[in-house]
Amino acid sequence: MDFLIGTGRCGSTLLYEVLARHAQVGFVSNWDDRSARTPRSVRRNAGRIYRLTTVPALERRRLRVRPCEGQRVLSREVSPAVVDPFRDLTADDVTPWLAGRMRRFFGSRAAEQGAGHFIHKFTLWPRAAFLHAIFPDARFVHIVRDGRAVANSHLQMNWWRGHLGPSRWKLGPLPPEYREEWEKEGRSLVHLAGIGWQIQMDAFEIARAAVPADQWLEVRYEDLLDDPRKYVNAVLEFLGLSWTPQFERGFGRHAFRSGRMDAFRRDLTPDQLALLTRSLAPHLRRYGYAVQTAETA
């Protein structure tokens with residue numbers, strides 16, 4: 001059992017769909033997520049269908065079988081607390097019944113699919129300490145993206161609740177230091193989206209300390225787009241998978257486009273970008289992102 005984790009809008013879906021092309025990888029499918037009445041044959045053959053489907057009509061997102069986060073099916077069969085917590089889940093949140101449900105949920109699907117490697121994706125909170133307590137051998141691939149790009153993307157999503165204020169979004173109350181900064185800077189929604197990324201990244205840093213170093217791999221989305229073969233291969237090796245001819249064919253079906261990588265520079269005003277960069281600068285530098293002097297002025 002292995003996990004892809006990230007803040008959301010971080011590029012994890014692309015990597016998830018690429019890894020699911022591997023013949024040894026099993027996953028929760030969107031059809032399984034959609035209905036409790038999904039035929040067992042579809043659940044059992046989700047990976048095969050996903051890897052072999054070439055009919056254009058079935059490639060449309062509403063029709064094709066593809067890997068997904070399974071939020072609805074996890075809520076139905078495990079607990080909504082796993083899917084939609086107001087804070088990160090830790091080892092202290094693991095109860096025997098919840099651990100049992102998690103093991104049965106993923107174990108039954110891995111067995112149905114005959115998958116040597118079952119991979120699942122979680123976004124928003126890392127949940128890594130929680131998952132490590134249940135699956136102590138699990139490996140975690142953390143996909144990191146420039147926080148300014150993540151914030152910009154969240155602002156454009158119709159499900160982002162930040163416009164209702166921090167009392168109504170999914171990240172809980174603002175920690176005092178972030179609340180003071182947000183109030184001081186004028187309570188900008190752009191700024192709030194950036195603070196949301198920082199809150200999540202703080203949680204990822206805490207969660208990382210709970211997982212053995214050799215079971216955690218960090219990959220920047222920008223590096224993945226710049227050299228997809230190199231970084232996908234690094235992830236495969238970390239997960240104990242080899243690059244096979246069949247995977248090569250599946251890999252070739254994915255486009256790694258970098259056109260929107262710096263869209264936040266076009267989508268935000270200079271003042272908004274400067275505020276966002278100034279707020280996020282310590283976190284950005286920690287993950288190797290260049291921060292120009294003019295942007296932090």
From highest to lowest solvent-accessible area (probe 1.4 Å; ligands, DNA and RNA excluded), W160, W97, W31, W243 read W97, W31, W243, W160
Note to self: C-alpha centroids of region 73-100 and region 1-52 sit apart, in Å, by 20
For the chain the mean separation of alpha carbon contacts under 8 Å (6+ apart) over residue count, i.e. relative contact order in percent, is 24
Expressed in Å to one decimal, the Kirkwood Rh of the chain from all distinct alpha-carbon pairs is 20.1
Given a 1.4 Å probe, the accessible area of the chain per residue, as a whole number of Å², is 47
Of the accessible area of the chain, computed with a 1.4 Å probe and all protein chains kept, carbon and sulfur make up a percent value of 51
Full extension between R179 and L164 adds, at 0.36 nm per residue less the Cα distance, a length in nm of 3.9 nm
Expected unfolding gain across T53-T244 under the 0.36 nm per residue rule, minus the alpha-carbon gap, is 66.9 nm
Quick calc: nm separation of the 7 Å Cα→Cβ label points for A209 and R34 -> 4.4
Restricting to aspartates and glutamates and to Cα separations under 15 Å from K230, and discarding same-chain partners fewer than 8 apart, the set is E218, E222, E248
Ranked by GNM mean-square fluctuation in the chain (Cα springs under 10 Å), the top entry among Q272, Q71, Q246 is Q246
Within the set A133, A213, A281, GNM on the chain using Cα springs under 10 Å gives the largest fluctuation to A213
Convex hull around the C-alpha positions of region 135-285: the volume in Å³ per residue is 149
Here FRET efficiency (C-beta to C-beta, E218 to Q292, R₀ 22 Å, nearest 0.05) is 0.40
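For region 1-145, report the translational diffusion coefficient in µm²/s to the nearest whole number, using Stokes-Einstein at 37 °C, 0.692 mPa s, and a Kirkwood Rh over Cα pairs.
Translational diffusion coefficient: 212 µm²/s.
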Once the in-chain neighbours fewer than 8 apart are removed, the lysines whose Cα is under 22 Å from K170 read K121
Unit-weight point scatterers at every alpha-carbon of region 77-144, Debye formula, q = 0.27, 0.28 1/Å: log10 I(q)/I(0) is -1.47, -1.52
A correct Karplus calculation of ³J(HN,Hα) over region 255-271, with 6.51 cos²θ - 1.76 cosθ + 1.60, θ = phi - 60°, whole Hz and x for Gly and Pro, returns 9, 10, 8, 9, x, 9, 4, 10, 4, 4, 6, 8, 7, 10, 6, x, 5
In a Gaussian network model of the chain with springs linking alpha carbons closer than 10 Å, the residue among N158, N233, N45 that fluctuates most is N158
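The values are calculated or read from the model by the stated rules, or taken from the named source; none is laboratory data. Note that the structure is predicted; figures quoted are calculated from it, not measured. Using ideal geometry, Cβ is built from the backbone for each residue, glycine included, and neighbour counts are taken over all protein chains shown. For the accessible areas, the whole protein counts, side chains as well, though only heavy atoms, and no ligand, DNA or RNA atoms are used. Shrake-Rupley method; radii C 1.70, N 1.55, O 1.52, S 1.80 Å.
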